[in-house]
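Below: one structure, written as structure tokens.
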Amino acid sequence: MGTGRRPFEPESPLTQARHAVDPVTRSAVAAVRAELAGLEALARALENGLAASFTAAVRQIAEIPGRVVVSGMGKSGHVARKIAATLASTGTPALFLHPAEASHGDLGMIARQDLLLALSWSGEAPELRDVISHAKRLGVPLIAITAERQSALAKAADLALILPHTPEACPIGLAPTTSTAMQMALGDALAIALMEGRGFSADDFRAFHPGGKLGARLVRVSDVMMTGADVPRLLETSTLSEAIVEMTRGRLGGAAVVDAQGRLTGAFTDGDLRRALPTAALDEPVSAYMSRTPVFVAPGLLASEAVRLMTERPRPILLMFVCEAQRLVGAVHMHDLLRAGVA
């Protein structure tokens, strides 16, 4: 028997106090918990019956000479598109094939050296029929992700990854919610297992993500530093007059001071010059006024870490030198880091 209250109608103060959260929030929490239950069931399956087929799938994908062609219809199609993107960005060449478009020319996207990864919760999506038939004609391996072991898709597959049955988060049990969360998680698990198996590194990841914040976070000092003649430098015996000329040429607000072997021994900045000039003669050596504890980093350091070293100081600096085996190899300015999107 109903309560007589419309959905999401505000409850009485007493009821609100008893439940502590409003109906909308309770609905959201219930949905999240339902999907969490599905992910927990998937994790348990991967630790038990699903483990062998998952491992076999990873090995088969790793060994193919071509690409992973991922296909699915409806909500499974949206998940398939995301899985293809994640695989491609983590070192496994992949593309998404829309099954409804496949029989209108897009079957040409599948080549003999490829592997087909097909998603369908029921395993009976009719739109996948032509895709599966074409893959069979070419001898392309088929891996299925489905919840139905006896479905047409599972039976056609060379290898089937069977997902556990758990209730959808949808209150009427129809909208794909928990099921798509499990499909997505299994796709991510495949991508991560393949990524780790290939030894895919942060540098590899950056090569596929040069734009945006992801790319900026993985930029190294060597990618943005100045080298060669662009780095203002002075010898320990250089005079203040020579320092003025070199710093004016470099326009970085400072210069590295090196010994005869090119080892960094100090830094001389505009501030050092201003402090010296009231009393110093222009023919005096910069070594008498330079900082003997210059800040420097290695070229392989992440540029974001260089920013932290430059800014998290009692007196932040804008210019930092780069050394390898104590020898000066470059310099990086805050402006370079700003242009790279790091700072």
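Here, each number is a calculation from the coordinates, and none is a lab measurement. Only a predicted model underlies this, so the values are computations on that prediction, with no experimental measurement involved. Reconstructed Cβ throughout: ideal geometry from the backbone, glycine too, with neighbour counts over all protein chains shown.
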Mean separation of Cα contacts under 8 Å (at least 6 apart) over the residue count of the stretch 221-339, i.e. the relative contact order in percent, is 31 percent
Packing-based exposure ordering (other Cβ within 10 Å, fewest first) of 165, 134, 333, 104:
104, 165, 134, 333
Please state, as a whole number in µm²/s, the translational diffusion coefficient that the Stokes-Einstein equation yields for the stretch 13-200 at 25 °C and 0.890 mPa s, with Rh defined as the Kirkwood radius across alpha carbon pairs.
142 µm²/s
Once you wrap a convex hull around the alpha carbon atoms of the chain, what is its projected area averaged over all directions, in nm²?
28.8 nm²
What Rg and what Dmax come out for the stretch 221-339 when only alpha-carbon atoms are used, in angstroms?
13.7, 41
Gaussian network model of the chain, springs between alpha carbon atoms under 10 Å - residue of 46, 95, 174 with greatest fluctuation:
174
Compactness summary of the stretch 35-121: radius of gyration and Dmax from Cα atoms, Å, are 14.1, 41
For a quick protection proxy, order the peptides 156-163, 244-251, 50-57 by their average other-Cβ count within 10 Å, most packed first.
156-163, 50-57, 244-251
Applying the span-like rule to the chain (DSSP H, Cα extent along axis at least 20 Å, Kyte-Doolittle mean at least -0.5) gives 23-47, 75-89, 178-198
Do you know the relative contact order of the stretch 13-200, to the nearest whole percent, from alpha carbon pairs under 8 angstrom that are 6+ apart?
25 percent
Which of 283, 270, 223 moves most in a GNM of the chain, Cα contacts under 10 Å?
283
Among 222, 27, 120: highest mean-square fluctuation, GNM of the chain, C-alpha pairs under 10 Å
27
For the stretch 100-197, the Debye formula with one identical point scatterer on each Cα and no solvent gives log10 I(q)/I(0) at q = 0.11, 0.15, 0.16, 0.21 Å⁻¹ as -0.36, -0.66, -0.75, -1.12
Tell me the relative contact order for the chain as a rounded percent, counting alpha carbon contacts under 8 Å between residues six or more apart.
13 percent
Quick P(r) readout (the stretch 236-304; Cα-Cα; 5 Å bins; whole %) gives 3, 17, 27, 25, 15, 7, 4, 2, 0
Quick one: order 323, 170 by neighbouring beta-carbon count within 10 Å, fewest to most.
170, 323
